[in-house]
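Data block below; observations after.
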Amino acid sequence: MKFDEKPIAEVLLECGYQRVSHRTYRAMWGTSFIEHFIYLDLWGTPKTFLAVRFGLRCQEAEAFALDEILRLGGPTYQLMDKHRIGRCFMAFSLGRLAAWKPSESLSLPTLSESELKAALRSALRDHLQPVIGEITTPRKFYEFLAQDEETHRWVRTNAAIRAAIMVKLAAMLGERVSDVRAVVVPHIGPISGQLQGISAHDFLAILLHDAGLSGPISPDNVS
């Protein structure tokens, strides 16, 4: 079965997303501060299930997070796929948000073109837009990432990169260190699970320092 992306592209364009690369669409209503993306993926044997993810990105915060994780995260990150670097690190399942089944996906052989378009249109307009439509500023993005809602749980992202993005956003917003810690520290477990050779607490201390949110840190914490 050959995948026909055209009907999906038509619905995405209706909803304000324009194709920018292979199975990747950018929201035309995004801002210079916050970009929004839709990613398409096919899976299964044969690949007849369509999974869709929505991504959000603040380029300045994501660049900071990438630099920090490559420097501090451990050897695994040195093998990071260069194509992956070009995608949003904060991406989540649209199928989970819209309660698609099975496995948060659409089964393409079971849907007519009109049914496929209707399912995607409903997911975007009725489920996604109310959640992310107002996230066009660093403040709104910070508040979104601070949440641990079912549709964008910390454990479903790279929590170390998420923490780094949040710290940079906090610096841009002039947040207090105590307030940043209050949001990030409850997720130390998932953050630790994404790091090698450094504790999550030391990682957070260095993030805060590098983002300009704290004073000098112990030389023992610097790699």
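The values are calculated or read from the model by the stated rules, or taken from the named source; none is laboratory data. Every value quoted in this text rests on a predicted model; they were computed, and no experiment measured them. Cβ: placed from backbone, ideal geometry, glycine included. Neighbour counts: every protein chain shown.
Quick rundown of the values:
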{"item": "Only listed residue being charged (D, E, K, R) and touching a Ser or Thr at 6+ places or on another chain (Cβ under 8 Å), chosen from Arg23, Arg53, Arg19, Arg57", "result": "Arg53"}
{"item": "Top-ranked residue of region 10-36 - restricted to ones that are closer than 17 Å to Ser122 by Cα and of a type in the set (Gly, Ala, Ser), ranked as surrounded by the most Cβ atoms within 10 Å (Cβ to Cβ)", "result": "Ala27"}
{"item": "Complete set of residues in region 159-173 that are surrounded by fewer than 22 Cβ atoms within 10 Å (Cβ to Cβ) and either within 18 Å of Gly74 (Cβ to Cβ) or at pLDDT below 95 (or both)", "result": "Ile161"}
{"item": "Of residues in region 174-223 being modelled with pLDDT under 95 and of a type in the set (A, V, I, L, M), the one nearest to Pro75 (Cα to Cα)", "result": "Val222"}
{"item": "Qualifying positions in region 174-183 - in a helix (DSSP H, G or I) and surrounded by fewer than 24 Cβ atoms within 10 Å (Cβ to Cβ)", "result": "Val177, Ser178, Asp179, Arg181, Ala182, Val183"}
{"item": "Complete set of residues in region 110-133 that are more than 16 Å from the chain's Cα centre (by Cα) and under 22 Å from Met28 (Cα atoms)", "result": "Lys117, Ala118, Ala119, Leu120, Arg121, Ser122, Ala123, Leu124, Arg125, Asp126, His127, Pro130"}
{"item": "Filter result (closer than 19 Å to Asp41 by Cβ and in a helix (DSSP H, G or I)) within region 103-120", "result": "Leu108, Pro109, Thr110, Leu116, Lys117, Ala119, Leu120"}
{"item": "Subset tally (residues that are closer than 21 Å to Ala98 by Cα and part of a strand (DSSP E or B)) for region 44-70", "result": "8"}
{"item": "Long-range neighbours under 7 Å by Cβ, at least six apart or interchain, first residue without any contact (Cβ under 8 Å) to a residue 60 or more places away in the chain and closer than 25 Å to Ala146 by Cβ within region 105-134, second surrounded by 16 or more Cβ atoms within 10 Å (Cβ to Cβ) and of a type in the set (A, V, I, L, M, F, W, C)", "result": "His127/Leu97; His127/Ala98; Val131/Leu97"}
